[in-house]
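Enquirer: I'd like to ask you about the structure that follows.
Computed from the coordinates by the stated procedures, all read-outs in this text should not be read as laboratory data. Quick caveat: nothing in here was measured; it's all calculated off a predicted structure. Here the Cβ positions follow ideal geometry from the backbone for every residue, glycine too, while neighbour counts run over all protein chains shown.
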Amino acid sequence: MFSEIHYYFTILKDWQKALFFSFVSYSFVLFGIIVAITFILKDFKFLLVLGLSFVYMGSVIAAMLVARKIFKKRLIEQ
Amino acid sequence: MCRGIIIKNKLLVFLILALPSILLALPVFYFVGVPAGIVTLVVLAFIDWKIYRSSGWIILKWYHCQAMPLGEYANVHSTLYTFSEKVSIRLPKPFIFESMVPVIFSVGTDNSSKIVMSRGLIELLDEKELESVIAREIARISESGMAQNTFISMLAGTVASLATAALWMSLLGGFGQEDDPAPRFIRFVAMGLVMLPAALLVYLGSRDQV
């Protein structure tokens, strides 16, 4: 399994790796928000967490797609 | 670079500077009155303009840059003079900072530019190679947009430095020493968060054409 992960990691370009790590970092923030909300409400509200995750990850993915378009244009075409 | 992109870049820089000022002035307009709001806007516009113009100086301080002595680096001074004469720009001031990473960049405005080199670059390159990298920097300066690029670099650097701030906060918060896993993980996450907006700022706001 590790060899497969290593293979996929090596075929990624530098800017793609950077975007991937950014995505992981933004996911950690979502995890932190969910933990904080659960502690504040003292209960795990599945629908609230689902909605929040959907909105947050949707925004992050949209931002990543915009960034990908810009990076691709500037780093490859030029 | 086409005219549309230059206008977009300028608009982005204007928005970056103007939006916080407008947001700060709005409560003054609402709670104190129109004259006070106008005065606040004028003061904030002046502060914005000063930040925009002095971003080169901030970057020089940031890197602990020192002016290159004429005697020790006579070849750099003469190369700068030759190339700036060729493209008819005002002679840029050369600066040096202590780093073994070979780096060269220019800051300042179109009328008062500075070329900054790392000691690593000067030690690594021979005379001809150094001439070629200096020529590239001179070409960048001659294409104008220096003040805008410098401001964007300063802003992106400030955003990127938040990762280092996160590391320090984790150290001060008792997560361990600098080499321990927890602070390094926090810095990794913070870097992943701030690098994307910093890189986007650079790509969208700068007028790099060479």
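Enquirer: So if R0 is 51 Å, what FRET efficiency would B:Ala45 and A:Ala62 give, r being the distance between their Cβ atoms, rounded to the nearest 0.05?
Expert: 0.95
Enquirer: Roughly what % antiparallel, to the nearest 5, for the DSSP beta bridges in chain B?
Expert: Counting DSSP beta bridges with both partners in chain B, the antiparallel share is about 60 percent.
Enquirer: Which entries in the list B:Lys10/B:Lys128; B:Lys86/B:Lys128; A:Lys73/B:Lys10 go over 27 Å, if you measure between the two C-alpha atoms of each?
Expert: Cα-Cα > 27 Å for B:Lys10/B:Lys128; rest within.
Enquirer: Setting aside same-chain residues fewer than 8 positions from A:Lys72, which aspartates and glutamates have a Cα under 19 Å from its Cα?
Expert: In chain and number order, the partners are A:Asp14, B:Asp208.
Enquirer: Go through the stretch B:186-195 residue by residue and turn each phi into a ³J(HN,Hα) via Karplus (6.51, -1.76, 1.60, θ = phi - 60°); whole Hz please, and just put x for glycine and proline.
Expert: Couplings: 5, 5, 4, 5, 4, 5, x, 6, 8, 5 Hz.
Enquirer: Apply the Karplus curve 6.51 cos²θ - 1.76 cosθ + 1.60, θ = phi - 60°, to the phi angles in the stretch A:32-47 and return the couplings in whole Hz, x for Gly and Pro.
Expert: The phi angles translate into x, 5, 5, 4, 4, 4, 5, 5, 5, 7, 6, 7, 8, 8, 4, 5 Hz.
Enquirer: Take B:Ile122 and B:Leu15, extend 7 Å from each Cα along the Cα→Cβ direction, and tell me the distance between the two endpoints in nm.
Expert: Rounded to a tenth, the inter-label distance reads 4.2 nm.
Enquirer: Let me ask another. HN-Hα J couplings of the stretch A:12-22 from phi, Karplus 6.51/-1.76/1.60, θ = phi - 60°, integer Hz, Gly and Pro as x?
Expert: 6, 7, 4, 5, 6, 4, 4, 5, 4, 5, 4
Enquirer: Okay, next question. Cα gyration tensor of chain B, axes a ≥ b ≥ c as square roots of the eigenvalues: rounded (a/c below 1.5), prolate (a/b > b/c) or oblate?
Expert: oblate
Enquirer: Could I ask something else about it? Near B:Lys50, which aspartates and glutamates are there with a Cα under 20 Å away, not counting those fewer than 8 places off in the same chain?
Expert: B:Lys50 reaches B:Asp110.
Enquirer: If you don't mind, another one. Within chain B, what is the longest stretch that has no GluC sites (Glu not before Pro) placed in a DSSP loop and near at most 14 other beta-carbon atoms within 10 Å?
Expert: Looking at chain B, B:99-177 is the longest stretch - no exposed GluC sites (Glu not before Pro) with at most 14 other Cβ atoms within 10 Å.
Enquirer: Also: How much FRET efficiency would the formula 1/(1 + (r/R0)^6) give for B:Trp57 and B:Ser161, where r is the Cβ-Cβ distance and R0 is 25 Å, rounded to 0.05?
Expert: Approximately 0.90, to the nearest 0.05.
Enquirer: Would you mind counting up the charge near B:Ser55? Only other residues with Cβ under 13 Å from its Cβ, with Lys and Arg at +1 and Asp and Glu at -1.
Expert: With Lys, Arg at +1 and Asp, Glu at -1, the neighbours total +3.
Enquirer: PRE reach from A:Glu4 (point 7 Å along Cα→Cβ): which of the stretch A:11-28 fall under 16 Å by backbone N?
Expert: What the label zone holds, given the 16 Å backbone N cut-off, is A:11.
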